[in-house]
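Notes follow once the structure below has been shown.
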Amino acid sequence: MTPALSIQGLNVAYPAYGGRSVEAVRGLDLEVGAGEIMALVGEMGCGKTTLARAIMGALKPPGRITAGSIRLGGQDLARLGEAEFRKLRGRDLAMIVPNPRSELDPMRPVGEQIAAVLRAHLGLTRKPARERALATLEAVRIPDPVRRYNAYPHELSGGMAQRVVIAIALACEPRFIISDDATSGLDVTVQAQILDLLARLVSEQRTSMLYITRDIGVAAHFCTRIAVMHRGEVVETADRDAFFSAPRHPYSATLLAAFAHSPALRARWTRPDASAEIPERGCRFALRCVRAMERCATDAPALSVLAPGHAVRCHAPIRHMAVPA
């Protein structure tokens, strides 16, 4: 099956003092299938949001794509200019962010903001745009959508404002959605409601989603596939069940150890002298890895398929790992 989104060899660099460049994303490969919800997990600062901005054509200057491709259908987003991206954002490509109030215009009713997106991308006139905006508010389960249509952002709760942002993102039924920690600021009950809502809407609209999160627990319950990112690289991709039953990359084991209530598991996968430095050569995880070999310091591993649907960027992948209950 042709993937909804295919990223090959992507590099994103930021110029640094002395003529050097810092690679926030390096040689990244990732595919998201049609109708799939893929989790992208990793520590803060590993490049998840930079990747999202690269896909959306919204990298903050002076960051730029220096190599690779980002294909949405048959179109390479890495080659598009801003004018072309404006036609895609909202129509074929949408993003949901964790702070909804920063995305909503405080001076306009929320219903009018949804209708404006519909008029801009679908060419609807005022009345059909209003009707579809009301239907979208109802789809995201906002009570009394007629009254909420005329509400201003400051009149809504955090969970309600997040539903409006989701309504704006999904109004034009885009082919691909990025959620960048979109539920991180909500309480657990509202978070669960939003996740259930997103899963239902993605299924109904037959779209695909990249769900960026630091919470592996959310990924376990919400996503169909898992991609693990470390220092600008995707180091493992797998189906959800395969990943949680048998992670193959040492960094994946470290992430699971951080979330597990098992001191033995943490001790096994945590290297006491772990370095914060990024090696100039070889594997970017080598200085922190309990399985590092001499080769890891000099040769950068490729993302290799170990089993159907399971790929790992490692010279010494884990063959078997029993996760304590």
Quiz item: So which residues in segment 264-290 are at pLDDT 75 or above, of a type outside the set (A, V, I, L, M) and more than 28 Å from the chain's Cα centre (by Cα), if there are any at all?
Solution: R268
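I'm trying to understand the selection: among the residues of segment 87-98, which are open to solvent by 20 Å² or more (accessible area, probe 1.4 Å) and part of a helix (DSSP H, G or I)?
K87 - this is the single residue of segment 87-98 that is open to solvent by 20 Å² or more (accessible area, probe 1.4 Å) and part of a helix (DSSP H, G or I).
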Quiz item: For segment 49-86, how many residues are among the β-branched types (V, I, T), open to solvent by less than 50 Å² (accessible area, probe 1.4 Å) and assigned to a helix (DSSP H, G or I)?
Solution: 2
Practice problem: Could you check, for segment 6-18, whether at least one of its residues is under 21 Å from D76 (Cβ atoms) and outside any strand (DSSP E or B)? | Solution: no
Exercise. Count, please, the residues in segment 233-257 that happen to be in a helix (DSSP H, G or I) and either touching a Gly at 6+ places or on another chain (Cβ under 6 Å) or surrounded by fewer than 14 Cβ atoms within 10 Å (Cβ to Cβ) (or both).
Key: 2
Quiz item: Where in segment 102-221 are there helices (runs of 4 or more DSSP H), lying wholly inside it, with at least 1 residues that are of a type in the set (F, W, Y) and open to solvent by 10 Å² or more (accessible area, probe 1.4 Å)?
Solution: 145-149
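The values are calculated or read from the model by the stated rules, or taken from the named source; none is laboratory data. No experiment lies behind these values; they were computed from the predicted model shown. Here the Cβ is made from the backbone with ideal geometry for all residues, glycine too, and neighbour counts use every protein chain on show. Remember, those area values only see protein heavy atoms, side chains included, never the ligands or the DNA or RNA. Shrake-Rupley method; radii C 1.70, N 1.55, O 1.52, S 1.80 Å.
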